[in-house]
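Taken together, the values in this text are just the output of simple stated rules run on the coordinates, not laboratory data. What you are looking at is a predicted structure, and each value in this text was computed from that prediction instead of being measured. A quick note on method: Cβ atoms are made from the backbone with ideal geometry, for glycine too, and the neighbour counts reach across all protein chains shown.
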Amino acid sequence: MAQAFELLLRGDAETWGIIGRSLSFSFFATIFSLIPGIPLGVFMAWKASKGRRILASLIHAISALPTVVIGLFVYAFLSRSGPLGFLGFLYAPAGVILGQFFLAMPLVASVTYTGLAKLDPRFKETLETFGTPLLFKFSATLREAKMAVLSSVVLSFGRVIGEVGVSMMLGGNIRGLTRTMTTAIALDAAKGEFERAISLGLVLLLIAVAVNVTVNGLASHGR
């Protein structure tokens, strides 16, 4: 354990490169996931109907899928024989980000939907009564449920930065290019080199604590 702390604190270039790469991949995947995820969550929550409830159930189920299942489906599309093979995203940073996007997006939509479903029904009725334009209705809804939206962002980031299946399948764990904290931990542990694996595990632990503290803080503030 002491050697792991020393490796982390002395600023090993490769270790910090892995940490920075993991944060970068997860940041962009989370940001991109907000573009379809938040509108989808609002759409499902705005008017109750059987079709939207079925869609919400499907999104909830997808958000709970193991990461290797998501990675398998994305791999099928990005492989040379797949429909998106010409993009060259497989075993490249873009492939990891795309895979993490499909991990984060359902969670963003699911948490946003859950938060919006708890809004006072009179809020929606008021906007409908006054014939509020669609864009203003959307922005007003987001302001009203901003804590739920922020929670979806934080939870999604926490999910993608701690996954290993997508990064391994789509990135290939290539040194200096697609190696992330989780794939580096798996590789180092398999080789019996535990110092860096433990140091990266400590970083992931700190991130997990920060995510939980942030989510709990947002929940307390919302109440």
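Tell me the label only: which of [x] 14.4; [y] 11.6; [z] 10.8 is mean projected area of the Cα convex hull in nm² as calculated from this structure? Structure-derived value, by its label: [x].
Each residue of the range 49-64 is assigned a 3J(HN,Hα), and the resulting list reads 7, 4, x, 6, 5, 5, 4, 4, 5, 5, 5, 4, 5, 5, 5, 9 Hz, derived from the Karplus form 6.51 cos²θ - 1.76 cosθ + 1.60 (θ = phi - 60°), x at Gly and Pro. As a rough guide to protection, the peptides 120-126, 185-191 ranked by mean Cβ packing within 10 Å, highest first, stand as 185-191, 120-126. The angle separating the long axis of helix 93-117 from the principal Cα axis of greatest extent in the chain is about 30 degrees.
In order along the range 192-207, the phi-based Karplus estimate (6.51 cos²θ - 1.76 cosθ + 1.60, θ = phi - 60°) of 3J(HN,Hα) comes to x, 9, 8, 4, 5, 4, 5, 5, 5, x, 5, 5, 4, 5, 4, 5 Hz; Gly and Pro are listed as x. Residue by residue, the range 173-188 carries 3J(HN,Hα) couplings of 6, 7, 4, x, 10, 10, 6, 10, 4, 5, 6, 5, 4, 4, 5, 5 Hz when phi is fed to the Karplus relation 6.51 cos²θ - 1.76 cosθ + 1.60 (θ = phi - 60°); x denotes Gly or Pro.
Note on the chain: Lys pairs 8 or more places apart or on different chains, Cα atoms under 18 Å apart, count 9.
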